[in-house]
1. Step through the residues of region 126-139 one at a time and calculate ³J(HN,Hα) from phi using the Karplus curve (6.51 cos²θ - 1.76 cosθ + 1.60, θ = phi - 60°), rounding each to whole Hz and writing x for Gly and Pro.
2. Excluding Ala30 itself, calculate the net charge of residues whose Cβ lies under 13 Å from the Cβ of Ala30, where each Lys or Arg counts +1 and each Asp or Glu counts -1.
3. Per residue, how much accessible area does region 67-158 show when a 1.4 Å probe rolls over the protein heavy atoms, in square angstrom?
4. Which cross-chain or sequence-distant (5 or more) residues have an amide H under 5 Å from the amide H of Val125, H modelled 1.01 Å from N in plane?
5. Three principal axis extents, largest first, for the C-alpha atoms of region 69-200, in Å?
6. With θ set to phi - 60°, apply the Karplus curve 6.51 cos²θ - 1.76 cosθ + 1.60 along region 76-83 and write out the HN-Hα couplings as whole Hz, x wherever there is a Gly or Pro.
7. For Met151, what accessible area in Å² do you get when you roll a 1.4 Å probe over the heavy atoms of the protein chains, rounding to the nearest 10?
8. What is the set of long-range amide H partners of Thr136 at a cut-off below 5 Å, with H atoms built 1.01 Å from backbone N?
Amino acid sequence: MSAQSSPYASGPPSGRGDHAPKGANSLSRASDRFECWFRRVLMVILVLGLPAAAVSAGLTTYEASMRTVRAQAAERHQVTARSTTRVKNDDWAKQPAQVRWTDTDGVVRTGTALVKPGTSKGATVRVWVTQDGTITSPPVSTLNATTSGWMVGGMAAFGVAAGSYAAWAGMRRVLDRRRYAQWDTEWDLVEPQWSARFRR
């Protein structure tokens, strides 16, 4: 920043921009032009990259979850069992209880399953079991797969947006520090001439 380009300098404006390209700002610095270019790149990333990342991540998660849904649906099934113990009705959450059922081969099996509070001894309950007769959790549903896809897709979109903002903020911080340092250097050159005007 020279004395002539100071916002407090008197006289007609400089003619340095007379030969500047049409539409160009003669006062813009190289850092200003780089910042403008960088913002445009980030905008392209947001407009194109954000939906692409969200859709890609969401579909990938959904397809992986659907493979789990199909696999669990093929290896798990429900059976009707009878509780062999009484469950106290002093809690709102399901509690473990011993149950007994007969599988399709006529083999009587027992195991521990989560049942509703207050389930009496001998009451019928529905439990999920694997092909070998082991009690397991219910299979993942299609709704779970859809929810997972949307959630991961949303997280991917947020990640792209947050990354773009962080890149912009970091770039601004670096450029501003450079600008302030440049202003300090130029002011050290201009300030003695500026102060001399008031010491006359």
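The values are calculated or read from the model by the stated rules, or taken from the named source; none is laboratory data. No experiment lies behind these values; they were computed from the predicted model shown. Note that each Cβ is placed from the backbone with ideal geometry, even for glycine, and that neighbours are counted across all protein chains shown. Heads up: the accessible areas ignore ligands, DNA and RNA and are worked out on the full protein's heavy atoms, side chains in. Shrake-Rupley method; radii C 1.70, N 1.55, O 1.52, S 1.80 Å.
1. For region 126-139, the Karplus-derived couplings read 9, 10, 9, 9, 8, 5, 8, x, 8, 5, 9, 7, x, x Hz, x marking Gly and Pro.
2. +2
3. On the way: 6170 Å² over 92 residues.
Per-residue value: 67 Å².
4. Those qualifying (amide H under 5 Å, at least 5 residues apart or on another chain) are Ala81, Arg82, Ser83.
5. For region 69-200, the Cα extents along the three principal axes come out at 111, 36, 19 Å.
6. 3J(HN,Hα) across region 76-83, in whole Hz: 10, 8, 8, 10, 9, 10, 10, 6.
7. Here the residue's solvent-accessible area equals roughly 120 Å².
8. For Thr136, the qualifying residues are Trp128, Val129, Thr130.
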